[in-house]
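Participant: Sharing a structure, written as structure tokens. Questions coming.
The values are calculated or read from the model by the stated rules, or taken from the named source; none is laboratory data. All values reported here derive from a predicted model rather than from experimental measurement. Counting neighbours? That spans all protein chains shown, and the Cβs are built from the backbone with ideal geometry, glycine included.
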Amino acid sequence: MKNILFALSLIVTFIAFSQQKSAPKLVIGIVVDQMCYDYLYRFQPKFSSKGFIKLMQEGTNCRNTQYTYVPTFTGPGHASIYTGTTPSNHGIVGNDWYNRSTKKMMNCVADETVQTIGSVSKEGKCSPSHLKTTTITDQLKMTYPSAKVVSVSIKDRGAILPGGHLSDGSYWYDYASGQFITSSYFKNKLPNWVEDFNAKKSVDAYMEKTWETLLPIEKYTESGPDDSPYEVIYAPKTTATFPYNLKEIGNKTGKYTVFTSTPYANTYLTDFALNALKSEKLGSDNQTDFLCISYSTPDIAGHAFGPYSVEIEDIYLRLDIEIERLLSTLDATVGKDQYTLFLTADHAVVPVPQYLIDKKLPGGYFYMDELNQRLAAKLTEKYGDNLVEENENLNIYLNKKKLVSMKLELAEVSKFVANEIAEFDHVKAVYTADELLDAPSTNEWKTMLEKGYNNKESGDVLFILEPGYLPKSKESSNSHKGTSHGSAFNYDTHVPLIWYGKNIPKQEINRKIAITDISATLTNILFLQRSGAMTGEPILELFH
């Protein structure tokens, strides 16, 4: 009897060990574009129990997850999540950067060598060719070629960078047709299921609707007033208030563009993701597959309305419904304990600077045209010519050909420019490229710039502004309405991170976790080699 009991205990132990150590059938990576950490709590009273709250209560909630570099934009964010390293290694230093050889701005996923698949527009001329290292999804495909990776988003970069170089299908929204497209980098033809989905012309139907609040508007007590002076007004409306007649606005601005600012774009993307789940048979066998979903609309609307708007609250209440729908479908198709999901954000956002000004809080606008004019004057005075070629994303690109022809040293001119910028009000820190390439610093702001700097794409002088300040042009329309992101400060760097599903314990983690730790953790969950230039570390609390 003792031998039998001993044998049974060994079997039970082995089974428990095997179950704990086996990889999930499917990993779902959800990135919510421009999600502030506090949204999980501020809007929680109105969430259902089966969406965000379910993830928080039944999964691991990493409450102090941070971006450890600057700039905090969509392209770098997605690349950092999925490569497990920072822009200094993966090379995506912004959504766009200045290309010295072409003397033009370059989009982080632009690729003129490929063609649009699924539309006659040029919006499919994209690929991951600028991504200098492999992603966790690439590593999965290299290790297990039969694994499927599918990545979907409204934004091209939100689909392309997570899916990596070896994606079985990366699809994004075409602003010309309102349909999902890809590029010849990935496919020569859209799969039948994508064509069938596009044939429904769902966006046309959505744009016949009026966007009303999900709940009676007086219940939106977590937000500021609906009629706010800090929000962009969509023509032909005269106020940024509910309701939004989408047909009327679309006729004025372009319906396929306006659509992406509405909560219906999140629903549209969820529908597409669930079609991918079914049609590609993701998670249907014992080989782990990967589904990447990036919800772009919170960012597109967030720029216009700001984090304290009724519009943003309504978008998140409705996104909660989409998360619930996604979880319900995964439970029914893949199985309740057969998938692992993480949810995070590519960055958060600063409150509208004009709001900060009016509330007598630190913050405001830094006018780039004034900086450009003073630099041009000072450089001309000292060297006889304006040696600045471009100023983008707080990166100053100097004209190196002029420097050579004038027999000037790059280091000397860079330092002169840095000293001039440092004299401006509301500049917190400024460094030359040489200073960023020196030995690692103990200064946290310099360290964040170092991690975001790449010698091929970045400028010769980089600077950051004081908290609450946004770079602006005085001539820009709606200059004091809406907001943006990109800084080194907590309002941009502190984002949600929740793990849920197979082998994920119920817990809260309050220590600091870097965004690059996500892919490092997935490496352990999926028993993979650490990919490429990965610098993140696994979140050990998930493996206790």
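Participant: Within the set of pairs 6 or more residues apart or between chains, which connect a residue that is within 29 Å of Asp289 (Cα to Cα) and touching a residue at least 12 places away in the same chain (Cβ under 8 Å) inside the range 336-355 to a residue that is among the polar types (S, T, N, Q) and not in a loop (DSSP other than H, G, I, E, B) with Cβ atoms less than 6 Å apart?
Facilitator: Matching pairs, first to second residue: Asp346/Thr74.
Participant: In addition: In this structure, is Asn419 part of a helix (DSSP H, G or I) and not charged (D, E, K, R)?
Facilitator: yes
Participant: Filter the range 505-532 down to the residues that are of a type in the set (Lys, Arg) and farther than 19 Å from His90 by Cα, then identify the one that is surrounded by the fewest Cβ atoms within 10 Å (Cβ to Cβ).
Facilitator: Arg511
Participant: Could you look through the range 363-396, keep only residues that are aromatic (Phe, Trp, Tyr) and in contact with a helix residue (DSSP H, G or I) (Cβ under 9 Å, 6 or more places away or on another chain), and pick out the one that is farthest from Glu466 (Cα to Cα)?
Facilitator: Tyr383
Participant: How many residues are among the aliphatic types (A, V, I, L, M) and crowded, with 23+ Cβ neighbours inside 10 Å if we restrict to the range 177-192?
Facilitator: 1
Participant: Still on this structure: Would you list the helices (runs of 4 or more DSSP H) that sit entirely within the range 176-265 and hold 2 or more residues that are aliphatic (A, V, I, L, M), in contact with a His (Cβ under 7 Å, 6 or more places away or on another chain) and not assigned by TED's automatic domain parsing to the domain that holds Glu112?
Facilitator: none
Participant: Can I ask one more? Hey, among Ile293, Ile300, which residue is out of contact with any Pro (no Cβ under 6 Å at 6 or more places or on another chain), outside any helix (DSSP H, G or I) and assigned by TED's automatic domain parsing to the domain that holds Ala159?
Facilitator: Ile293
Participant: Could you tell me whether the range 52-67 includes any residue that is more than 30 Å from Lys506 (Cβ to Cβ) and in the same structural domain as Lys278 (by TED's automatic domain parsing)?
Facilitator: Looking for residues that are more than 30 Å from Lys506 (Cβ to Cβ) and in the same structural domain as Lys278 (by TED's automatic domain parsing), one finds none in the range 52-67, hence no.
Participant: Assuming Ala345 fulfils every condition listed in (1) closer than 21 Å to Thr60 by Cβ; (2) of a type in the set (A, V, I, L, M); (3) surrounded by fewer than 24 Cβ atoms within 10 Å (Cβ to Cβ); (4) within 17 Å of the chain's Cα centre (by Cα) apart from one, which condition is it?
Facilitator: Just one mismatch for Ala345, condition (3).
Here's the yes/no breakdown for (1) in a helix (DSSP H, G or I); (2) at pLDDT 95 or above:
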residue	(1), (2)
Phe14	yes, no
Gln20	yes, no
Tyr37	no, yes
Tyr41	yes, yes
Met56	yes, yes
Pro71	no, yes
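Participant: Across the range 260-282, which residue is surrounded by the fewest Cβ atoms within 10 Å (Cβ to Cβ) among those that are in contact (Cβ under 8 Å) with a residue 60 or more places away in the chain and small (Gly, Ala, Ser)?
Facilitator: Of everything passing the filter in the range 260-282, Ser279 is surrounded by the fewest Cβ atoms within 10 Å (Cβ to Cβ).
Participant: Just the residues that are under 21 Å from Glu212 (Cβ atoms) and touching a helix residue (DSSP H, G or I) at 6+ places or on another chain (Cβ under 6 Å), please, taken from the range 269-284.
Facilitator: Thr270
Participant: May I pose another question? Here is a check on your reading of the model: is Tyr82 in the same structural domain as Leu341 (by TED's automatic domain parsing), assigned to a helix (DSSP H, G or I), crowded, with 24+ Cβ neighbours inside 10 Å and in contact with a helix residue (DSSP H, G or I) (Cβ under 6 Å, 6 or more places away or on another chain)?
Facilitator: yes
Participant: Taking the options Asp285, Asp385, name whichever one is touching a residue at least 60 places away in the same chain (Cβ under 8 Å), part of a loop (DSSP other than H, G, I, E, B) and either under 19 Å from Val495 (Cβ atoms) or in contact with a Lys or Arg (Cβ under 8 Å, 6 or more places away or on another chain) (or both).
Facilitator: Criteria check complete, one pass: Asp285.
Participant: Now, a different point. Quickly run through the range 202-259 and pick out the residues that are without any contact (Cβ under 8 Å) to a residue 24 or more places away in the chain, within 24 Å of Trp172 (Cα to Cα) and among the hydrophobic types (A, V, I, L, M, F, W, C).
Facilitator: Ala205, Ile249
Participant: When you go through (1) out of contact with any His (no Cβ under 9 Å at 6 or more places or on another chain); (2) not in a loop (DSSP other than H, G, I, E, B) one by one for Asp492, which number turns out not to apply?
Facilitator: (1)
Participant: So which residues in the range 133-165 are assigned to a helix (DSSP H, G or I), of a type outside the set (A, V, I, L, M, F, W, C) and closer than 18 Å to Gly536 by Cα?
Facilitator: Thr137, Asp138, Gln139, Pro162
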